[in-house]
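These notes are about the structure you will find just below.
The values are calculated or read from the model by the stated rules, or taken from the named source; none is laboratory data. Since this is a predicted model, take the numbers as computed values, not measurements. FYI the Cβ positions are ideal-geometry reconstructions off the backbone, even for glycines, and counts take in every protein chain you see.
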Amino acid sequence: MSLYIRSSFLLAWTLPFTFNALAVQPPLDPLETLNRINRNYNTLKDACREPDTGAARGHYYCSGVTLRMVNDGPFNPWDYSPYAIKIGATSYSWIRKDLSTRILIHPAGFILRTPTDAAALKLPVKEQGWTCIYAFDGGTGPERKWYGCGFFDGREPPRAAQGTMTNRNAALAYGTCSEAGVSTAEQWIQKYTGLMKGPIQYNQCSWNAEKPSDWNAMIRVHESRVKATNKDPFAYSAQVNEFMLKNASATNDGSENMKYIDAFIYNVNSTQNFATRGDQAPPKPENGLTSARNFQKKLQAQGYSVPILRLDFTKPPEQRFSYVAADQAIDLTAASGGQVTPIALTQRYIAAATWVKRYDPGTRQDEWTLSVVPTAAGRALPKEQVGALYDQLFALRGADSQWRDNENSTDSMRQQLSCVLVNYRSKTPWNLEPFRPTLSESETRAAGCNPVPR
């Protein structure tokens, strides 16, 4: 993924303003999903096998949590970015109790169901596609052939030392570590750790996605580097590894992966977006819950309903993931046997929302204003339900460039919306400006809900 070039990308995708879809796959009980994912995170298993053939598979097959963190925008989170299309593969990460990972590249994303769990649940099993895993971010790009797994030199990598495998993914799985004469953590550390040997991010070899011994070595390598250096800021144990999945199409269409999504997640302790290769603009802070809710609604529109889970690296490993009913943007009551209370999204709260560019006396320049006309139901909402109002507004206009490119202060629009709902409920329209800073509730109210950047 390479965390150094700043930017973002847009794909052509529009979210219809609807919250109902014909179920393609029956929803699972969200609490059972939570328990299963926490169990996988805490299961230190290194002997995963195909249930029918007994063939050995990589650790991801039956343990740990495979996730992809991704920005929100006018595209599907499971689709392929323009840069991933060039590589032919997409970057994921794999986390487990025995890894010290606590930093993710985006605030929100999704989890792919393990093949072992999918088979037990009689759901589609992701048997093929994984190619390699790097102990740290691998600077993946078109320079690394074989779906991001080759050496960082633009050449087709050799295959002489791969050995023989008999599992269903053997034809795709590949790692350059064996080609470089590296089969143990000690050999990796000797070869890739050293002041004069170049940044690990680009020099490191890749581990074969289907060799259990490679996974064990990857974990030991990852845990061996407990501190960052100026030379290698992304090669230490708090950072993510990089797990490569071959794209299922040559276009941006990633719909093949929808049926494997187990849950959406957001990092409760971070709004930070790291820059990644292929980006075209500087990254901005992002509210993970807002993004996860948008992801959840987009997937439901395609017929799949899965829960949003919180990811908290400050909690004990057994509580790494949690489920909160109020986080959900869709109704999961039926799947949970009536144990959860969903957010009601059938009521329409926004009658109209239109962008207007006008002169602002505070900044003394023209600024974008979102002119919002609430419905009677929206105007009557209590302050405690401002989240439902915000979610509908964001679904309508959150992907617009006027919002995304100008909200430099996280949650500024949500705070302004809350302020006008409480203090200017009867006013028409409500005018919200993305450029305004996020201040305390009292400061925002004192500024007439229109705080000016300091």
Exercise. Select from the range 42-83 the residues that are farther than 24 Å from residue 119 by Cβ, assigned to a loop (DSSP other than H, G, I, E, B) and of a type outside the set (A, V, I, L, M) and list them in ascending order.
Key: 71, 72, 73, 74, 75, 76, 77, 79, 80, 81
Quiz item: Taking the condition crowded, with 18+ Cβ neighbours inside 10 Å and either of a type in the set (S, T, N, Q) or part of a strand (DSSP E or B) (or both), does residue 35 pass?
Solution: no
Quiz item: Does any residue of the range 190-207 turn out to be touching a strand residue (DSSP E or B) at 6+ places or on another chain (Cβ under 9 Å), of a type in the set (Phe, Trp, Tyr) and over 23 Å from residue 101 (Cβ atoms)?
Solution: no
Exercise. Can you tell me which residue among 310, 320, 277 is modelled with pLDDT of 95 or more, in the same structural domain as residue 107 (by TED's automatic domain parsing), of a type in the set (D, E, K, R) and closer than 28 Å to residue 405 by Cα?
Key: 310
Quiz prompt | Set 370, 389, 417: member being within 12 Å of residue 349 (Cα to Cα), touching a residue at least 24 places away in the same chain (Cβ under 8 Å) and not polar (S, T, N, Q) | solution = 389
Exercise. Please specify each residue of the range 411-425 satisfying the condition of being touching a Lys or Arg at 6+ places or on another chain (Cβ under 8 Å) and either under 16 Å from residue 329 (Cβ atoms) or surrounded by 18 or more Cβ atoms within 10 Å (Cβ to Cβ) (or both).
Key: 412, 416, 418, 419, 420, 421
Exercise. Pick out, from the range 170-215, the helices (runs of 4 or more DSSP H) lying fully within it that include 3 or more residues that are modelled with pLDDT of 95 or more.
Key: 176-179, 185-192
Quiz item: Residues in the range 381-392: is at least one modelled with pLDDT under 90, among the hydroxyl-bearing types (Ser, Thr, Tyr) and surrounded by 19 or more Cβ atoms within 10 Å (Cβ to Cβ)?
Solution: yes
Exercise. Among the residues of the range 218-238, count how many are in a helix (DSSP H, G or I) and either of a type in the set (D, E, K, R) or closer than 14 Å to residue 94 by Cβ (or both).
Key: 6
Quiz item: So which residues in the range 232-272 are under 21 Å from residue 85 (Cα atoms) and polar (S, T, N, Q), if there are any at all?
Solution: 241, 247, 249, 251, 252, 255, 257
Quiz item: Hey, residue 251 hits all of (1) β-branched (Val, Ile, Thr); (2) more than 23 Å from the chain's Cα centre (by Cα); (3) more than 21 Å from residue 61 (Cβ to Cβ) but one; which does it fall short on?
Solution: (2)
Self-check item: Qualifying positions in the range 215-235 - crowded, with 24+ Cβ neighbours inside 10 Å and over 23 Å from the mean Cα position of the chain (by Cα)
Solution: 221
Practice problem: Run down 301, 238, 250, 292 and say which single residue is aliphatic (A, V, I, L, M) and either more than 28 Å from residue 135 (Cα to Cα) or at pLDDT below 90 (or both). | Solution: 301
Quiz item: Here are some conditions: (1) surrounded by 15 or more Cβ atoms within 10 Å (Cβ to Cβ); (2) more than 19 Å from the chain's Cα centre (by Cα). Residue 198 meets all but one. Which one does it not meet?
Solution: (1)
Quiz item: Going through the range 80-100 one residue at a time, which ones are among the charged types (D, E, K, R) and in contact with a Leu (Cβ under 6 Å, 6 or more places away or on another chain)?
Solution: 98
Quiz item: Does residue 251 satisfy the condition of being among the β-branched types (Val, Ile, Thr), in the same structural domain as residue 141 (by TED's automatic domain parsing) and surrounded by fewer than 23 Cβ atoms within 10 Å (Cβ to Cβ)?
Solution: yes
Quiz item: Does any residue in the range 281-292 that is crowded, with 24+ Cβ neighbours inside 10 Å come within less than 6 Å, Cβ to Cβ, of a residue that is small (Gly, Ala, Ser) six or more places away or on a different chain, and which pairs are these?
Solution: 288/108; 291/108; 292/108
Quiz prompt | the range 338-362 residues that are within 17 Å of residue 326 (Cα to Cα) and at pLDDT 75 or above, paired with ones that are β-branched (Val, Ile, Thr) and surrounded by 14 or more Cβ atoms within 10 Å (Cβ to Cβ) (beta carbon under 8 Å, 6 or more apart) | solution = none
Quiz item: Which residue, of 140, 164, is surrounded by fewer than 18 Cβ atoms within 10 Å (Cβ to Cβ), in a loop (DSSP other than H, G, I, E, B) and assigned by TED's automatic domain parsing to the domain that holds residue 236?
Solution: 164
Quiz item: Among (1) within 31 Å of the chain's Cα centre (by Cα); (2) among the charged types (D, E, K, R); (3) not in a helix (DSSP H, G or I), where does residue 414 come up short?
Solution: (3)
Quiz prompt | Single residue of the range 84-127 satisfying the filter (of a type in the set (Ser, Thr, Tyr) and part of a loop (DSSP other than H, G, I, E, B)) that is farthest from residue 306 (Cα to Cα) | solution = 100
Quiz item: Restricting the range 393-411 to residues that are at pLDDT below 85 and polar (S, T, N, Q), which is farthest from residue 450 (Cα to Cα)?
Solution: 401
Exercise. Could you pull out the residue among 99, 104 that is crowded, with 22+ Cβ neighbours inside 10 Å and modelled with pLDDT of 95 or more?
Key: 104
